[in-house]
1. If contacts are Cα pairs under 8 angstrom and at least 6 residues apart, what is the relative contact order of the chain in percent?
2. Of the residues Leu78, Leu43, Leu86, which exhibits the maximal mean-square fluctuation in a Gaussian network model of the chain defined by a 10 Å Cα contact cut-off?
3. Which one of Gly55, Ala108, Gly94 is farthest out on the positive end of the charge dipole of the range 6-130, using unit charges on Cβ (Lys, Arg +1; Asp, Glu -1) and the Cα centre as origin?
4. Could you check the spin-label model distance between Ser7 and Asn48? Points 7 Å from the Cα along Cα→Cβ, value in nm.
5. Over the range 6-130, what percent of the accessible surface lies on carbon and sulfur atoms, probe 1.4 Å?
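The values are calculated or read from the model by the stated rules, or taken from the named source; none is laboratory data. As the structure is a prediction and not an experimental result, all values here were calculated from the model. Virtual Cβ from ideal backbone geometry, glycine too; neighbours counted across all protein chains shown. All accessible areas refer to the heavy atoms of the entire protein, side chains included, with ligands and DNA or RNA removed. Shrake-Rupley method; radii C 1.70, N 1.55, O 1.52, S 1.80 Å.
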Amino acid sequence: MPLSTMSEVLGSGRAVCAFNAVPLEVAEGIVAGAEAAGVPVVLQLSENAVRFHGGLGPVGAGFLGVARDAGVPVVVHLDHATEEDLVFEAIRAGFTSVMYDGAHHEYADNAARTRAVVQRAHQSGVWVEAELGRIGGKG
(Lines give C-alpha, C1' and ligand atoms only; values in the text may rest on other atoms or scores of the structure.)
Protein backbone atom coordinates (compact mmCIF):
# COMPACT_ATOMS: atom_id res chain seq x y z
CA MET A 1 0.00 0.00 0.00
CA PRO A 2 1.44 3.44 -0.81
CA LEU A 3 2.20 5.80 2.05
CA SER A 4 -0.98 7.60 3.13
CA THR A 5 -1.53 11.32 3.46
CA MET A 6 -3.21 13.03 6.36
CA SER A 7 -6.09 13.97 4.03
CA GLU A 8 -6.76 10.31 3.26
CA VAL A 9 -6.59 9.22 6.90
CA LEU A 10 -8.68 12.07 8.27
CA GLY A 11 -11.18 11.62 5.47
CA SER A 12 -12.03 8.16 6.78
CA GLY A 13 -14.96 9.56 8.79
CA ARG A 14 -13.73 8.13 12.08
CA ALA A 15 -11.40 9.12 14.88
CA VAL A 16 -7.78 8.38 14.11
CA CYS A 17 -5.22 7.59 16.80
CA ALA A 18 -1.66 8.87 16.69
CA PHE A 19 1.06 6.99 18.54
CA ASN A 20 4.68 7.91 19.18
CA ALA A 21 7.18 5.09 18.88
CA VAL A 22 10.89 4.96 19.58
CA PRO A 23 12.15 1.56 18.39
CA LEU A 24 11.01 0.09 15.11
CA GLU A 25 9.46 -2.89 16.91
CA VAL A 26 6.96 -0.58 18.62
CA ALA A 27 6.09 0.98 15.26
CA GLU A 28 5.49 -2.50 13.88
CA GLY A 29 3.24 -3.32 16.85
CA ILE A 30 1.22 -0.14 16.42
CA VAL A 31 0.63 -0.88 12.75
CA ALA A 32 -0.19 -4.54 13.49
CA GLY A 33 -2.83 -3.35 15.97
CA ALA A 34 -4.27 -0.93 13.42
CA GLU A 35 -4.41 -3.73 10.84
CA ALA A 36 -6.13 -6.08 13.30
CA ALA A 37 -8.72 -3.38 14.03
CA GLY A 38 -9.00 -2.41 10.36
CA VAL A 39 -8.41 1.27 11.07
CA PRO A 40 -6.00 3.91 9.80
CA VAL A 41 -3.30 5.20 12.14
CA VAL A 42 -0.76 8.00 12.50
CA LEU A 43 2.70 6.67 13.31
CA GLN A 44 4.73 9.41 15.00
CA LEU A 45 8.47 9.74 15.37
CA SER A 46 9.54 12.52 17.73
CA GLU A 47 12.67 14.65 17.57
CA ASN A 48 13.74 12.99 20.83
CA ALA A 49 13.39 9.54 19.26
CA VAL A 50 15.41 10.71 16.27
CA ARG A 51 18.16 11.85 18.67
CA PHE A 52 17.96 8.51 20.49
CA HIS A 53 18.66 6.74 17.19
CA GLY A 54 21.48 9.12 16.24
CA GLY A 55 19.67 10.62 13.26
CA LEU A 56 16.60 10.36 11.08
CA GLY A 57 18.01 8.24 8.23
CA PRO A 58 17.71 4.59 9.28
CA VAL A 59 14.86 4.93 11.79
CA GLY A 60 12.87 7.17 9.42
CA ALA A 61 13.36 4.68 6.59
CA GLY A 62 12.19 1.90 8.90
CA PHE A 63 9.02 3.75 9.90
CA LEU A 64 8.29 4.59 6.26
CA GLY A 65 8.81 0.94 5.29
CA VAL A 66 6.43 -0.28 7.99
CA ALA A 67 3.83 2.23 6.76
CA ARG A 68 4.23 1.27 3.09
CA ASP A 69 3.86 -2.42 3.91
CA ALA A 70 0.75 -1.90 6.04
CA GLY A 71 -2.64 -3.24 5.07
CA VAL A 72 -4.34 -0.06 6.36
CA PRO A 73 -3.63 3.62 5.70
CA VAL A 74 -0.69 4.83 7.79
CA VAL A 75 0.65 8.37 8.00
CA VAL A 76 4.26 8.83 9.13
CA HIS A 77 4.49 12.05 11.15
CA LEU A 78 7.55 13.83 12.56
CA ASP A 79 6.42 15.04 15.98
CA HIS A 80 7.55 18.16 17.88
CA ALA A 81 10.61 19.00 15.81
CA THR A 82 12.25 22.20 17.00
CA GLU A 83 14.86 22.26 14.25
CA GLU A 84 13.78 23.27 10.75
CA ASP A 85 16.58 21.21 9.19
CA LEU A 86 15.10 18.06 10.73
CA VAL A 87 11.64 18.99 9.40
CA PHE A 88 13.06 19.45 5.91
CA GLU A 89 14.99 16.19 6.15
CA ALA A 90 11.77 14.38 7.08
CA ILE A 91 9.97 15.94 4.12
CA ARG A 92 12.77 14.86 1.74
CA ALA A 93 12.66 11.36 3.25
CA GLY A 94 8.95 11.01 2.43
CA PHE A 95 7.13 11.80 5.68
CA THR A 96 3.62 13.02 4.82
CA SER A 97 3.10 15.07 7.99
CA VAL A 98 5.37 17.11 10.27
CA MET A 99 5.01 19.13 13.46
CA TYR A 100 7.23 22.20 13.72
CA ASP A 101 7.59 23.44 17.29
CA GLY A 102 9.05 26.93 17.28
CA ALA A 103 7.64 27.85 20.68
CA HIS A 104 11.13 28.55 22.01
CA HIS A 105 11.36 31.56 19.64
CA GLU A 106 9.68 34.91 20.16
CA TYR A 107 6.19 34.86 18.67
CA ALA A 108 6.93 36.96 15.56
CA ASP A 109 10.05 34.91 14.76
CA ASN A 110 8.16 31.66 15.41
CA ALA A 111 5.34 32.73 13.08
CA ALA A 112 7.80 33.65 10.32
CA ARG A 113 9.72 30.37 10.70
CA THR A 114 6.47 28.39 10.78
CA ARG A 115 5.28 30.16 7.62
CA ALA A 116 8.51 29.19 5.83
CA VAL A 117 8.15 25.57 7.00
CA VAL A 118 4.53 25.46 5.82
CA GLN A 119 5.38 26.89 2.41
CA ARG A 120 8.15 24.37 1.84
CA ALA A 121 6.12 21.45 3.20
CA HIS A 122 3.06 22.27 1.12
CA GLN A 123 5.23 22.27 -2.04
CA SER A 124 5.73 18.57 -1.31
CA GLY A 125 2.12 17.90 -0.31
CA VAL A 126 3.06 17.52 3.36
CA TRP A 127 0.72 18.55 6.19
CA VAL A 128 2.07 20.76 8.98
CA GLU A 129 1.06 20.99 12.61
CA ALA A 130 2.65 23.93 14.45
CA GLU A 131 3.29 25.10 17.99
CA LEU A 132 2.70 28.84 17.89
CA GLY A 133 2.27 29.33 21.62
CA ARG A 134 3.69 27.61 24.63
CA ILE A 135 2.31 24.58 26.40
CA GLY A 136 3.40 24.11 29.98
CA GLY A 137 4.19 20.89 31.74
CA LYS A 138 7.56 19.96 30.28
CA GLY A 139 10.80 21.04 31.89
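1. The normalised contact order for the chain reaches 23 percent.
2. Result for the chain, Cα springs under 10 Å: Leu86 fluctuates most.
3. Gly94
4. Roughly 3.3 nm, to one decimal.
5. Taking all protein chains in place, the range 6-130 shows 53 percent carbon and sulfur surface.
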